[in-house]
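The values are calculated or read from the model by the stated rules, or taken from the named source; none is laboratory data. Just so it is clear, the model here is predicted, and its values are computed rather than measured. A quick note on method: Cβ atoms are made from the backbone with ideal geometry, for glycine too, and the neighbour counts reach across all protein chains shown. Side chains included, ligands, DNA and RNA excluded: accessible areas come from the protein's heavy atoms. Shrake-Rupley method; radii C 1.70, N 1.55, O 1.52, S 1.80 Å.
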Amino acid sequence: MEKYSRKNLKAIQEIVQKKTGITVAEVRKPAGYKIRQLALLAGSLLCFVTLCAFAYVKFSDLNGDDAMFAMVYQGDGRFDIVVINNSDRELKLQDKVKVMQWSTGKEVEGDNEKISMEILTIAPHSQGVVSIDISEGYDVGAMEENLPDGDWYYFVLTNNNFAFGQDWMCSFDFEIERTEDVTHRMAEVAEWRKEEQDAAGQQYGTVALSYTDWIWPTISRDVSGFYGERENGTYSDHINIAGTAGDEVYAVADGVVMETAFENVCGNFIVVDLGDGITVKYGHLKEIKVAVGDEIKQGQVLAAMGQTGMASGPNLFFAVTVDGENVNPLAEE
């Protein structure tokens with residue numbers, strides 16, 4: 001149906017009035033209509049901006065550097081999860097947890113409703129231990145027996161202190177350790193990270209690897225942890241390169257994959273044999289994209305950067321050995 005112009009409407013009004021004698025009044029929008037429309041629009045925009053700001057403050061994620069998780073197996077399907085909360089916000093894990101297998105990316109067969117979990121709220125800038133017992137819902141013996149070499153399991157933990165939640169992954173195996181030992185190591189890692197961050201006012205864009213024919217293993221050149229003796233008296237046999245979770249990890253040179261596995265300290269890792277007695281280890285990986293025995297080429301994508309093991313943030317654990325002895329991966333200045 002065509003829309004009538006104001007002129008056409010006026011003509012219709014005159015015809016109706018002439019034929020019927022009835023005066024047809026023109027319907028006009030009340031005075032101030034446009035002003036009220038604009039005021040309503042402005043109010044709506046203000047509410048929207050306010051709600052967005054509130055949602056950001058209330059529901060935003062913790063950053064990758066803000067929380068550290070490490071598993072301690074106690075035996076008989078019982079685990080302690082050591083948690084360090086470096087953020088300014090409270091971390092509260094919900095009472096539901098998933099048990100996943102790395103190679104398949106699927107939940108392990110069992111009943112997670114029967115998992116016993118001692119919920120713990122970790123205050124800002126503190127640490128705590130969350131206890132998990134899967135023995136009632138899972139065949140722990142079968143899990144351990146059927147786990148292939150180079151594969152591992154992991155828990156998916158959710159922080160529901162925010163409306164939308166946030167998932168954290170904590171890899172585990174069945175090597176029994178003491179919670180006190182792992183807590184101590186995690187505290188050391190956190191201290192190393194803090195020291196390196198405090199000293200990281202400088203830029204590390206000029207760093208280079210010790211072998212000039214190698215390429216840099218990540219897109220980031222932010223070396224957050226150096227090889228050798230550190231300020232707290234500990235000794236590091238590797239470097240750490242900070243980056244973003246999911247960043248590609250590249251082969252520094254041609255070689256053959258010797259090992260892919262999981263360790264508590266360096267998390268998911270790859271060891272590559274470059275020949276001439278030289279090996280390279282890549283750790284804290286989120287995803288591994290090669291397998292043992294693969295022949296790889298320089299620049300090939302081996303993995304995705306992650307925060308597995310005792311990483312305090314997304315970074316690459318990078319170590320080099322020559323004839324079984326660790327050496328500094330970086331060129332000496």
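Remarks
- Screening Glu263, Glu295 for residues that are open to solvent by 10 Å² or more (accessible area, probe 1.4 Å) and closer than 27 Å to Ala70 by Cα leaves exactly one candidate, Glu263.
- Condition check for Val252: open to solvent by 10 Å² or more (accessible area, probe 1.4 Å), among the β-branched types (Val, Ile, Thr) and either in contact (Cβ under 8 Å) with a residue 24 or more places away in the chain or in contact with a helix residue (DSSP H, G or I) (Cβ under 9 Å, 6 or more places away or on another chain) (or both): no
- For region 303-327, a residue qualifies if it is assigned to a loop (DSSP other than H, G, I, E, B) and under 15 Å from Glu263 (Cβ atoms), and the qualifying residues are Gln307, Thr308, Gly309, Met310, Ala311.
- Test set (1) over 30 Å from Glu109 (Cβ atoms); (2) at pLDDT below 70; (3) in a loop (DSSP other than H, G, I, E, B) - Glu191 fails condition number: (3)
- Of all residues in region 219-252 being among the acidic types (Asp, Glu) and within 20 Å of Glu332 (Cα to Cα), the one that is modelled with the lowest pLDDT: Glu231
- The set of residues in region 121-135 being out of contact with any Asp or Glu (no Cβ under 8 Å at 6 or more places or on another chain), open to solvent by 20 Å² or more (accessible area, probe 1.4 Å) and in a loop (DSSP other than H, G, I, E, B) is empty.
- Selected residue (criterion: least open to solvent (accessible area, probe 1.4 Å)) from residues of region 266-292 that are part of a strand (DSSP E or B) and of a type in the set (Asp, Glu): Asp273
- Sub-9 Å Cβ pairs linking a first residue in region 226-238 that is of a type in the set (Val, Ile, Thr) to a second residue that is at pLDDT below 85, at least 6 apart or interchain, are Thr234/Glu188; Thr234/Glu191; Thr234/Trp192, ordered by first then second residue.
- For region 136-152, filtered to residues that are in contact with a Phe, Trp or Tyr (Cβ under 8 Å, 6 or more places away or on another chain) and outside any helix (DSSP H, G or I), the residue that is farthest from Gly283 (Cα to Cα) is Leu147.
- Residues of region 310-326 that are surrounded by fewer than 24 Cβ atoms within 10 Å (Cβ to Cβ), touching a His at 6+ places or on another chain (Cβ under 9 Å) and under 17 Å from Asp237 (Cα atoms): Ala319, Asn326.
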